[in-house]
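*Asks:* Once you've had a glance at the structure underneath, I'll fire off some questions.
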Amino acid sequence: MTSRLMEAPSSATAHLYLREDRIRQSYEAMMLAWRTLNADCETLLREKGLGPAHHRILFLTAAHPGITPGALLNSLGITKQSLGRALGDLRERRLLVQEEDRHDRRKRPLRLTEAGEALERELFLMIREVMTRAYREAGMTAVEGFRRVLAPLQVPTESPAR
């Protein structure tokens, strides 16, 4: 029996994953995955009178203690007014505090309070459980490929002028 090396994909099949139907399937899968990842979180957030913007702020502040409102604006891509409203809610509920930077008084770094850390941790554990199950099922190679796909999607692009 002769052994044949795997042939490189032909130019006709090399980019089938770039076809519109494949991209639509991938986008739909991401939307449904987002729903599954956040279903339990949304229930808990609703019980506490909070929403998805609050959740994203809690998560990013936990991941980056001392993050500034400006950095949050860049990461979240929301308006100053929306961010201000959500930050006000979180401060009012004593989940987050805004401090003064010792070196630059213009900066107003954010950090979670103990209650904020506890809530963020509870929310993250829900997500971690779902992702851990999916990662185990998919395997290391798939997880690394998934991360490589997500990396360029995280870089904000400028919206075309309308």
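*Asks:* Report, by residue number, each residue of segment 117-145 that is under 27 Å from Leu44 (Cα atoms) and assigned to a loop (DSSP other than H, G, I, E, B).
*Replies:* To start, the set of residues in segment 117-145 that are under 27 Å from Leu44 (Cα atoms) comprises 117-137.
Of everything in segment 117-145, nothing turns out to be under 27 Å from Leu44 (Cα atoms) and assigned to a loop (DSSP other than H, G, I, E, B).
*Asks:* Still on this model: Here is a list: Gly77, Gly88, Gly116, Gly66. Which entry is out of contact with any His (no Cβ under 9 Å at 6 or more places or on another chain) and surrounded by 13 or more Cβ atoms within 10 Å (Cβ to Cβ)? Give the derivation first.
*Replies:* Values: Gly77 fails: surrounded by 13 or more Cβ atoms within 10 Å (Cβ to Cβ); Gly88 fails: surrounded by 13 or more Cβ atoms within 10 Å (Cβ to Cβ); Gly66 fails: surrounded by 13 or more Cβ atoms within 10 Å (Cβ to Cβ).
Just one listed residue meets the conditions, Gly116.
*Asks:* Among the residues of segment 127-155, count how many are basic (Lys, Arg), within 15 Å of Ala33 (Cβ to Cβ) and surrounded by 10 or more Cβ atoms within 10 Å (Cβ to Cβ).
*Replies:* Number satisfying all stated conditions: 2.
*Asks:* Hey, Glu114 hits all of (1) over 20 Å from Glu42 (Cβ atoms); (2) at pLDDT below 95 but one; which does it fall short on?
*Replies:* Only one criterion in (1) over 20 Å from Glu42 (Cβ atoms); (2) at pLDDT below 95 is unmet by Glu114, namely (2).
*Asks:* Within segment 56-81, which residues are in a helix (DSSP H, G or I), closer than 18 Å to Arg94 by Cα and of a type outside the set (Val, Ile, Thr)?
*Replies:* Residues satisfying the conditions are Arg56, Leu58, Phe59, Leu60, Ala62, Pro69.
*Asks:* Determine if segment 121-129 includes at least one residue that is more than 18 Å from the chain's Cα centre (by Cα), of a type in the set (A, V, I, L, M, F, W, C) and modelled with pLDDT of 95 or more. Step through it out loud before you land on a result.
*Replies:* So in segment 121-129, the residues more than 18 Å from the chain's Cα centre (by Cα) come out as none.
No, every residue in segment 121-129 fails to be more than 18 Å from the chain's Cα centre (by Cα), of a type in the set (A, V, I, L, M, F, W, C) and modelled with pLDDT of 95 or more.
Quick grid of which residues meet (1) part of a strand (DSSP E or B); (2) at pLDDT 95 or above; (3) more than 19 Å from the chain's Cα centre (by Cα):
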site: Leu45; (1), (2), (3): no, yes, no
site: His54; (1), (2), (3): no, yes, no
site: Arg91; (1), (2), (3): no, yes, yes
site: Lys107; (1), (2), (3): no, no, yes
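The values are calculated or read from the model by the stated rules, or taken from the named source; none is laboratory data. This structure is a prediction, so every number in the text was calculated from the model and none was measured. Because the Cβ atoms are built from the backbone with ideal geometry, glycine has one as well, and the counts that use them run over all protein chains shown.
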